[in-house]
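Notes for the one structure printed next.
The values are calculated or read from the model by the stated rules, or taken from the named source; none is laboratory data. Keep in mind the model is a prediction, meaning the values are calculated, not measured. Positions of Cβ are generated from backbone atoms using ideal geometry, with glycine treated the same way; all protein chains shown enter the neighbour counts.
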Amino acid sequence: MRFLFKTDYEDDIRLFPHSGYFVSYGVLLALLVIAPFVLSSYIVSQLVFVCIYATVGVGLMILTGFTGQASLGHAAFLAIGAYTAAYLQQFDVPFPVYFLAAGLLTGLVGALVGFPALRLQGIYLVIATISFAFIVEEVLARWESVTHGNEGMRVKTMSLFGTMVPRDGPVFYFLCLSVLILTIVGTLNLLRSPTGRAFVAIRDSETAARSMGINVSLYKVKSFAISAGITGLAGVLFAHKLSFISPEMFTLQLSIEFIIVILIGGTFSLHGAVLGAIFLVMIDPFLTYLKDDMPGVIAGLAATFGAGKATADGIQSSVAAFASANGLKGAIYGVIIVLFVLFEPLGLYGRWLKIKLFFQLFPLYKRATFKRQKIYVKSERNR
Amino acid sequence: MLDFVQQLVSGIALGCVYGLIALGFVLVYKATEVVNFAQGDLMMLGGFFAFTFIGMLGLNYWVGFAGAVIAMALFGMLAERVVVRPILGYPQFSIIMATIGLGYFLRSVVGMIWGTDDFKIETPFSQGVLRIGSLVLAYDKLSVIAATVILCALLYLFFNRTTLGTAMRASSENMLAAYYMGIPVKRVVSIVWAISAAVATCAGVLLAPITFIHSNVGLVLGLKAFPAAVLGGFGSIPGAVVGGVMIGVIESMAGFYLPQGWKDVAPYIVLLVVLLLKPEGLFGVHMRKKV
């Protein structure tokens, strides 16, 4: 086990606490750089979605994970970013300009949402953000002069400094990847600045934060604005990736998916946003696999274990029927959420930390290290 | 004027359905401080149970209704045991996510079993109207209003007058202290879930003649019942019904008098305004924490 000897605050807030970080992140970066040249275009396309979802996840993590303000309305911020891009693109505004404009506008809207949210907490905040998302969705469907209503808007191929960037090409992948990396680095820097410390203080106890002299309202609004702004940036990439946007793409379902991203990844660390995004995006290929290959595989297994041909065929067709049933995706989502909340509340990254600690402490690992405290008193839950 | 009264009555009937779902939210919230996002889906499942008993097995309406209520009460207990009990006491958000997951699961399983078509239950109230002057009131809508009033009164008395109701309020306030006082907190929570699932079933069955039941009806109506519960202050039984009626009336008035599109948004706009002015809802009690 490695013991880090810290002698001052600078040691404590280092982005790379020790040399091992350079190696592991360097290898990861190298793998990601060569990925588009090695992997099939389908996988690269999925990786682009991972980048976009992870960017949203990082934005949501700032708000929900670090400031403790739940939001089920992030699809609306994504929509605002996407529509800003699509609208400005019609007037031949260059990509960098509308990219930043979308981020700024969404951040502004986020701040506006943050003000009413100041007085709300817990379930009321969740409901208020859901309401906001519904209103945005309806506005997008009705404001036809700008958004073309339910017909949706076509997003032209991105043109970056005079060259076209097709949405399936490696350049687009690198663009999304660099946006993700910049967002993560920016967020890490934010979190070790006074602003980030204030966010975390608000999450842990609003009363205590206020008595330490933190302007809770100001920082909550800031958190909303930053979170929304990042989501808006992701929205631009989302619009370009899909090349077509319409209001029914930005429903509550999408907001819930974003929450699933950070919930599955683990709501206490930025690693969680990325891991959760990988997990969520990979559900679709997994389902395809389930539909196409699983019945044959299971039937093959059954045949190996001595089932007759008729039985094996029966198994194959029933598995196929199950795998292609309507709404299987919803059931899988549901089961995944429930299982994670029940058994892995710290998410995938929490699991990774547990495994790491297990090996570091080898015979002395205590399960209780990660146990959360249960609170049974109502007034304690009211922060 | 006649239009207005007609809209008012149908708004109240719709609002009573929201109120019934909201009652389920409030019951669970009052007793356990848990917000059940799957309440609408419990309603949907109850509707499908009733459809199975009445429409497919051909039972008498009342027998089928009772059967569905009992089956759903048991299901509510099961859901509490499997999903909610292990995470009681954890942050609210975990429980919200768990019930959202439960809702997803129920929707897609119902879609797999019964299909995604619309279903209708034949009820004694399906036909016939009550005429007062030139005002026409359909029996199915009146039945919803009557059932809501009765259920609301019963539950209010139950919570405020019976021992079990007092035990529920006590365990909501402080589970540990309630447990020390000899209240079987686990059983109390289990019973609350059973009651709330039963109330949801009543909503589902009464709703079936008005809007058809399909696997997504719970999501659609549940999301309308939320503003209702919040308007009423999330901890108040009469508040839930009043909030539901307000949402229903606002919705049907907006659908009639305002341009297209306002109908779906108006409840949420009202909700946001109310939350801005009075964050704890109209009938809510503001909680403070001692530091």
So, first residue more than 11 Å from every other protein chain (Cβ to nearest Cβ) in segment B:149-178, second residue small (Gly, Ala, Ser), Cβ within less than 6 Å, six or more apart or across chains; the pairs are B:Phe158/B:Gly165; B:Phe159/B:Gly165; B:Met168/B:Ala31
Notebook entry, point to check: Taking the stated definitions as given, is B:Arg107 within 9 Å of another protein chain (Cβ to nearest Cβ) and among the charged types (D, E, K, R)?
Noted result: yes
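Among the helices (runs of 4 or more DSSP H) confined wholly to segment A:83-183, which include 3 or more residues that are out of contact with any His (no Cβ under 8 Å at 6 or more places or on another chain) and of a type in the set (Val, Ile, Thr)? Before the answer, list the steps.
Details: elements: A:95-117, A:123-142, A:144-147.
Output list reads A:95-117, A:123-142.
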Within segment A:224-254, of all residues that are hydroxyl-bearing (Ser, Thr, Tyr) and surrounded by 23 or more Cβ atoms within 10 Å (Cβ to Cβ), the one farthest from A:Leu280 (Cα to Cα) is A:Ser227
Okay, helices (runs of 4 or more DSSP H) sitting entirely in segment A:281-369 with 2 or more residues that are more than 11 Å from chain B (Cβ to nearest Cβ), over 19 Å from A:Phe258 (Cα atoms) and without any contact (Cβ under 8 Å) to a residue 24 or more places away in the chain, I get A:283-292, A:294-304, A:309-323, A:347-360
For segment B:212-253 the number of residues that are over 19 Å from B:Asp118 (Cα atoms) and outside any helix (DSSP H, G or I) is 4
Going through (1) touching a residue at least 60 places away in the same chain (Cβ under 8 Å); (2) closer than 24 Å to B:Leu272 by Cα; (3) of a type in the set (S, T, N, Q) one by one, A:Ser131 fails only at (1)
By residue number, the members of segment A:112-121 that are surrounded by fewer than 20 Cβ atoms within 10 Å (Cβ to Cβ) and either within 15 Å of A:Val136 (Cα to Cα) or in contact with a Cys (Cβ under 9 Å, 6 or more places away or on another chain) (or both) are A:Leu112
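Counting just the residues of segment A:201-222 that are over 17 Å from A:Thr64 (Cβ atoms) and among the hydroxyl-bearing types (Ser, Thr, Tyr), which one comes out farthest from the other protein chains (Cβ to nearest Cβ)? So that I can check it myself, show each step before the final result.
Going residue by residue through segment A:201-222, those that are over 17 Å from A:Thr64 (Cβ atoms) are A:207-208, A:210-215, A:217-218.
Filter again for among the hydroxyl-bearing types (Ser, Thr, Tyr), leaving A:207, A:211, A:217.
Values: A:Thr207: 5, A:Ser211: 8, A:Ser217: 14 Å.
Restricting to residues being over 17 Å from A:Thr64 (Cβ atoms) and among the hydroxyl-bearing types (Ser, Thr, Tyr), the top hit is A:Ser217.
Could you tell me whether A:Ile62 is modelled with pLDDT of 90 or more and either over 30 Å from A:Thr129 (Cα atoms) or crowded, with 22+ Cβ neighbours inside 10 Å (or both)? Talk me through it step by step, then tell me what you get.
Working: modelled with pLDDT of 90 or more: yes; either over 30 Å from A:Thr129 (Cα atoms) or crowded, with 22+ Cβ neighbours inside 10 Å (or both): yes.
So A:Ile62 fits the description; yes.
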Being touching a Phe, Trp or Tyr at 6+ places or on another chain (Cβ under 9 Å), within 14 Å of chain B (Cβ to nearest Cβ) and over 21 Å from A:Met249 (Cα atoms), is that true of even one residue in segment A:93-112?
yes
Looking across segment B:179-192 at residues that are without any contact (Cβ under 8 Å) to a residue 12 or more places away in the chain and assigned to a helix (DSSP H, G or I), the single one that is farthest from the other protein chains (Cβ to nearest Cβ) is B:Arg187
Those residues of segment B:108-143 that are of a type outside the set (Ser, Thr, Tyr), surrounded by fewer than 17 Cβ atoms within 10 Å (Cβ to Cβ) and assigned to a loop (DSSP other than H, G, I, E, B) come to a total of 9
Restricted to segment A:117-169 and to residues being charged (D, E, K, R) and within 14 Å of chain B (Cβ to nearest Cβ), the residue farthest from A:Phe77 (Cα to Cα) is A:Arg119
A:Phe268: passes all of (1) without any contact (Cβ under 8 Å) to a residue 60 or more places away in the chain; (2) outside any helix (DSSP H, G or I) but (1)
- Is it the case that segment B:264-273 has a residue that's touching a Phe, Trp or Tyr at 6+ places or on another chain (Cβ under 7 Å), closer than 20 Å to B:Gly47 by Cβ and either within 9 Å of chain A (Cβ to nearest Cβ) or surrounded by fewer than 24 Cβ atoms within 10 Å (Cβ to Cβ) (or both)? no
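May I ask you to verify whether B:Pro279 is buried (at least 23 other Cβ atoms within 10 Å of the Cβ), facing chain A (nearest Cβ under 10 Å) and either in a loop (DSSP other than H, G, I, E, B) or touching a Gly at 6+ places or on another chain (Cβ under 9 Å) (or both)? Steps first, answer last, please.
Values: buried (at least 23 other Cβ atoms within 10 Å of the Cβ): no; facing chain A (nearest Cβ under 10 Å): yes; either in a loop (DSSP other than H, G, I, E, B) or touching a Gly at 6+ places or on another chain (Cβ under 9 Å) (or both): yes.
The answer is no for B:Pro279.
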Scanning segment A:355-382 residue by residue, those modelled with pLDDT of 80 or more and among the β-branched types (Val, Ile, Thr) turn out to be A:Ile355
Within segment B:43-83, the count of residues that are within 14 Å of chain A (Cβ to nearest Cβ) and aliphatic (A, V, I, L, M) comes to 6
All conditions in (1) within 14 Å of chain A (Cβ to nearest Cβ); (2) surrounded by 24 or more Cβ atoms within 10 Å (Cβ to Cβ); (3) part of a helix (DSSP H, G or I) are true of B:Ser196 except (1)
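Can you confirm whether A:Ile230 is among the β-branched types (Val, Ile, Thr), modelled with pLDDT under 90 and part of a helix (DSSP H, G or I)?
No, not satisfied.
Within segment B:85-104, work out how many residues are more than 20 Å from the chain's Cα centre (by Cα), of a type outside the set (A, V, I, L, M, F, W, C), under 18 Å from A:Ile262 (Cα atoms) and facing chain A (nearest Cβ under 7 Å).
Narrowing segment B:85-104 to residues more than 20 Å from the chain's Cα centre (by Cα): B:85-91, B:93-94.
Next, only the ones that are of a type outside the set (A, V, I, L, M, F, W, C) stay: B:85-86, B:89-91, B:94.
Okay, now just the ones that are also under 18 Å from A:Ile262 (Cα atoms), so B:90-91, B:94.
Filter once more, so that each one left must be facing chain A (nearest Cβ under 7 Å): B:90, B:94.
Going through segment B:85-104 one residue at a time, the tally reaches 2.
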Checking A:Gly308, A:Gly347 in turn, the sole residue that is more than 23 Å from B:Val110 (Cβ to Cβ), small (Gly, Ala, Ser) and modelled with pLDDT of 75 or more turns out to be A:Gly347
Of those in segment A:133-160 that are modelled with pLDDT of 80 or more and of a type in the set (Lys, Arg), the residue surrounded by the most Cβ atoms within 10 Å (Cβ to Cβ) is A:Arg142
